[in-house]
Each structure stands twice: as structure tokens, then as C-alpha cells.
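First the structure, in the form of C-alpha cells, and then the observations on it.
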Amino acid sequence: MAPLNILIVGLGIAGPSLASLLLLDPTQAAEEKPQITILERSSELRSTGQSVDVRGVGVDVIRRLGLETAIRASTTGEEGVQFVDESNAIWAQMAADKSGKVQTGTSDIEILRGRLASIIYERSKVISAEVQAKGGKGIEYIFGGVLDQLEQDEKSVRVRFAKSGERRSFDVVVGADGLASMTRRQAFGAEDEEKRMYRLPLYGAAFSIPKGKNDVEWRRWFNAPGRRGVMVRPTHDPEMWSAAMFVIDAADKDKRLLDVAHEGARTVERQKSLMKEKFEGAGWECTRLLEAMETTEDFYYSTIAQVRMKKWSQRRVVLLGDAGYCASPISGMGTTLALTGAYNLAGSLLRNPNNLNAAFAQYETLMRPVVNKAQDFTITGPMMMNPDTWWGIWMRNALVWFICWSGLAMLMFKVAGPKADKVGGLTDFALEKLPEWNGWRELWKPKDPKYL
Ligand SMILES: Cc1cc2nc3c(=O)[nH]c(=O)nc-3n(C[C@H](O)[C@H](O)[C@H](O)COP(=O)(O)OP(=O)(O)OC[C@H]3O[C@@H](n4cnc5c(N)ncnc54)[C@H](O)[C@@H]3O)c2cc1C
């Protein structure tokens, strides 16, 4: 039987992880391994984005790819969270649990999304080159393109590349194209799109800023009335920090917060000016942050939403990562879901190459409990943590002071923290476990001297 011919749409976190894992079946000779194409909308790898977490089973997946050292050496080194007031006085601090045993707000692996995407992409290129050297097809990367047609029947999925007009046919198409997935709309219908989106009324921007005099290796969290929150966090670069500014609009008073997100990156200037309007005069270091926002190179604005679907496959098309089950940045689980999903989808396809229905059923069975746990929260927690009035903020600060001082914080995280440790381990698909990859050392210098 010919090897599976698979198109992956999206070169984010999930897409290249899946491509690599699909090439790790030790029972397949190189020429039997799947033939993989990855299509990315951007003209190059999108190496932007702020801090994301890798937790629990996600760490097991990066270990399988031989990426644990590369990733740990590229983390931001965030020590934990400090709650600060207008004068930058620290009311309370919650340290990260560096053992990874208790999932607190700061995971033991906090890494900038762009750096993580680069590591996974570079690794996939090496794995692909090794397969190609032995006579396999490996991975073909296509940048700067989207699909404008997708049709399928029992035998294949036929697609058209929008820019070139080229038509190709695949056995499987994987939509790994993020929260606003076009593949999802093409395969599952655009009409139900709003029903699939479970919107949390939280909107925010994240961007890099030059290190300021008060910036430390801790995440500093400040609140202003009107449920406005600001976080300043370290990155892997000793000269750059990252800022996140967000607003909760539970009463849906300001439609512009959603409108500017819908129009996407085309409206970056409108997104920035809205953030400026919201945070001008908010106190603390907001003036400095807003000034830095004007010239930042990696501004990213997003609504916070979850994608909730009963099924993630439609005949020969299957969704992966945020495209199928975005849990939102608040969950702290988006990247872990993307990695775990890539592993489970790769294993299910490799173990059922002649039966896509069985492969997708296995993938869905394995992922459903993980996704349900990651998506299981409401806006109530973020509303309590980002109060509406100065008095509410004072009360919140006093409360976090008490729970940190009394030691209740760790207990609370054990019960109600990110659900990474409550989803079991990885299924054993007998995939190859790769040795640690050292190629990253030629690409960047670690901030933590222990990795030099
Ligand atoms: C630029 C960017 C910045 C982000 N910043 C943060 C952050 O600061 N904090 C956070 O928690 N999460 C952030 N995220 C989301 C985070 O990466 C995901 O929640 C998570 O890692 C799951 O990854 P994913 O691979 O499923 O999706 P993503 O990482 O979103 O990757 C999707 C990929 O698909 C590409 N794509 C989209 N549409 C198409 C199309 N039609 N055709 C081809 N390719 C397409 C995108 O360019 C992207 O490369 C960001 C995502 C992006 C794209």
C-alpha cells in the first residue's frame, strides 16, 4: 500500500509536532513513512507570541521528540507571580513549582510561543532530512499560502492553493490552523461557526517591551478598576520583557473589543489605539507600556474564546490543536493540548493506516477527556481575580496575601489549578523516542548559564 499522503494546514505548535511524530514509527522503512506537506499562511514561520506553558503530558511529548533540553534551555525563567499595586508594592507572591508537580499559574516550562514554534519547526526539518536521506518523502513546507477550495469523498480530499491555483489531492487533511481555522469552516461548514465558538468576554494584547528598571524575573500583575489587568513578564532575552494588557467586558458594553479582533492583523493600528484608550491613565507603569506598544515588533491581539465541537473529524479531514479544541490562554493548557493532540493523532493514524474512521475514533476517544478537563472553567475565576473597583482590587490583594501567607495557595492550585496532572499519561503507540537534539545550540544562546 502507498504511504499516507497528508496535508497539514498550519505551521504553529501542533502542525510541525504532528509532522515529526508521523515519521517516528520504527516499523516503517523510510519509503513507507507518510508523505507530509505543511501549508502555512505566513510567508515565514510566525515566531511571535508571548509566554505559553508546557505542562504534564505535554512534557512527555517534547521528551519523545528529544526536545526537553532545547525547550528547558529556552524558557523565560519566570520565578512566579507577584501581585503589585499602583506604587509597585508587592502584596503577595506565588512561586512557580519548578518540580512540575503542582500546576500553579507559572508552569515549570514557560516559553515564548515563537521560540517554541521555532524549536519544533527546526526539529521537524532535521527529522524530515533524515527520512529523505534514507529514501522517504519527508516533509514539504509551503509558506505564504492558504486553501481556497476543499472537497472530499471516500477516496481523497482535493484542495486548491489560493495563490498559485494549483490543485492537489491528499488522503488526509489536518486543520492545525489555530483558533480562527479556515479548514474548520471549509470542512464543517461556516454557518455553525458562531455556535462552535464559546467566547469568554476577555480581550487583550501581548507584545515585547525593552527591559525597564523595575522588571524582575517575576511576572508582575497589576489591576486597574474596570476589570483591567496588566502583566509584565520576563522572556528568554535578558534585554526584553513581555507585556499583556487585558480587559474583561462581561456586560458586552464595548463592541469594538470584538470587532477589531475579527478584522485580524489588518487592523493592528486600530487594536493598538483601542488598547491605548483603555489603559491611558490607568496608573502604575501603563504609560511606559503603551509607549513601548507603539514600536513593538510583535503585537498580538486576541479575543479569548474556546472552540467546542462534538466531533473533530469529517470523513478525511481532522482538526488538531486550537483549530479543534482551543481552551484559551486562560486555561494555561493550549500548548499542552496541541502537543498531546499531535501525539495522539500521529499514533492513531500510524496504528490504523487503512482505516481512517478507526484512527479518528481512537484520536477522539483519547483527546476528549483531556480537552474536557482543559476547557472546564468559566469567566467567574478571571472576574474575581480582576475586580471592577479600587475597593475590589484592595480586597483581592488582601485575599491573595492571606492565601499565600497561610500556605493555602498550593492547596488551591492542587484542587483548581490547570488540569495538566489530571489527564493521565500518554498511550504507548510504540513510536520511536528520539535522543536529545543539540542543534538549538547553534541557533541561540541560553539565558540560563547552566545550559551554556
Ligand atoms: C502569532 C501567534 C501568537 C500567539 N501568542 C500567544 C500568546 O501570547 N499566549 C498564548 O497563550 N497563546 C498564543 N497563541 C496561541 C497558541 O500558540 C496556541 O494556543 C497553542 O500553542 C496551540 O497551537 P496551534 O498550533 O494549535 O495553533 P497556533 O499556534 O495558533 O498555529 C496556527 C498556525 O496556522 C497558521 N494559519 C492560520 N490560518 C491559516 C490558513 N488558513 N492556512 C494556513 N495556515 C494558517 C498560523 O499562521 C499559525 O502559524 C498565539 C498564536 C499565534 C498564531
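Some values worked out for this structure:
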| quantity | calculated |
| --- | --- |
| Selection status of Ala92, more than 20 Å from Leu339 (Cα to Cα) and not assigned by TED's automatic domain parsing to the domain that holds Gly334 | yes |
| Number of the condition not met by Ala92 [criteria: (1) over 23 Å from Gln132 (Cα atoms); (2) aliphatic (A, V, I, L, M); (3) assigned to a loop (DSSP other than H, G, I, E, B)] | (3) |
| Checking Ala190 against (1) closer than 23 Å to Leu22 by Cβ; (2) small (Gly, Ala, Ser); (3) without any contact (Cβ under 8 Å) to a residue 24 or more places away in the chain, the condition it does not meet | (1) |
| Complete set of residues in region 16-54 that are out of contact with any helix residue (DSSP H, G or I) (no Cβ under 6 Å at 6 or more places or on another chain) and near the ligand (Cβ under 6 Å from one of its atoms) | Leu39, Glu40, Arg41, Ser42, Arg46, Gln50 |
| Flag for Val57 being modelled with pLDDT of 95 or more, within 16 Å of the ligand (Cβ to nearest atom) and under 30 Å from Ala187 (Cβ atoms) | no |
| Any hit, region 67-86, residues being outside any strand (DSSP E or B), within 12 Å of the ligand (Cβ to nearest atom) and over 27 Å from Leu356 (Cβ atoms) | yes |
| Number of positions in region 107-129 that are free of Cβ contacts under 8 Å to residues at least 60 places away in the same chain and assigned to a helix (DSSP H, G or I) | 2 |
| Any hit, region 142-152, residues being acidic (Asp, Glu) and outside any loop (DSSP other than H, G, I, E, B) | yes |
| Matching residues, region 258-267, being small (Gly, Ala, Ser) and more than 23 Å from Thr378 (Cβ to Cβ) | Gly264, Ala265 |
| Number of positions in region 235-257 that are out of contact with any Pro (no Cβ under 7 Å at 6 or more places or on another chain) and within 17 Å of Thr380 (Cβ to Cβ) | 3 |
| Selected residue [over 30 Å from Gly58 (Cα atoms), touching a Gly at 6+ places or on another chain (Cβ under 7 Å) and away from the ligand (no atom under 15 Å from the Cβ)] from Arg270, Arg288 | Arg288 |
| Checking Thr296 against (1) surrounded by fewer than 19 Cβ atoms within 10 Å (Cβ to Cβ); (2) in contact (Cβ under 8 Å) with a residue 24 or more places away in the chain; (3) polar (S, T, N, Q), the condition it does not meet | (1) |
| Check on Leu349, at pLDDT 95 or above, in a loop (DSSP other than H, G, I, E, B), away from the ligand (no atom under 16 Å from the Cβ) and not assigned by TED's automatic domain parsing to the domain that holds Asp249 | no |
| Subset tally (residues that are within 20 Å of Arg288 (Cα to Cα) and among the hydrophobic types (A, V, I, L, M, F, W, C)) for region 191-220 | 6 |
| Conditions (1) in contact (Cβ under 8 Å) with a residue 24 or more places away in the chain; (2) more than 10 Å from the ligand (Cβ to nearest atom); (3) over 27 Å from Leu443 (Cβ atoms); number of the one not met by Lys213 | (1) |
| One residue from Ile304, Ile330, Ile393 being within 16 Å of the ligand (Cβ to nearest atom), part of a helix (DSSP H, G or I) and closer than 30 Å to Pro210 by Cβ | Ile330 |
| Residue count, region 178-196 (criterion: within 19 Å of Ser328 (Cβ to Cβ), small (Gly, Ala, Ser) and surrounded by fewer than 21 Cβ atoms within 10 Å (Cβ to Cβ)) | 1 |
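Here's the yes/no breakdown for (1) touching a strand residue (DSSP E or B) at 6+ places or on another chain (Cβ under 8 Å); (2) acidic (Asp, Glu):
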site	(1), (2)
Arg168	yes, no
Asp177	yes, yes
Ala180	no, no
Thr183	yes, no
Tyr198	yes, no
Leu202	yes, no
Ala205	yes, no
Ser208	yes, no
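The values are calculated or read from the model by the stated rules, or taken from the named source; none is laboratory data. Everything quoted here is computed from the prediction, not taken from an experiment. For neighbour counting, all protein chains shown are included, and Cβ atoms are generated from backbone atoms with ideal geometry for every residue, glycine included.
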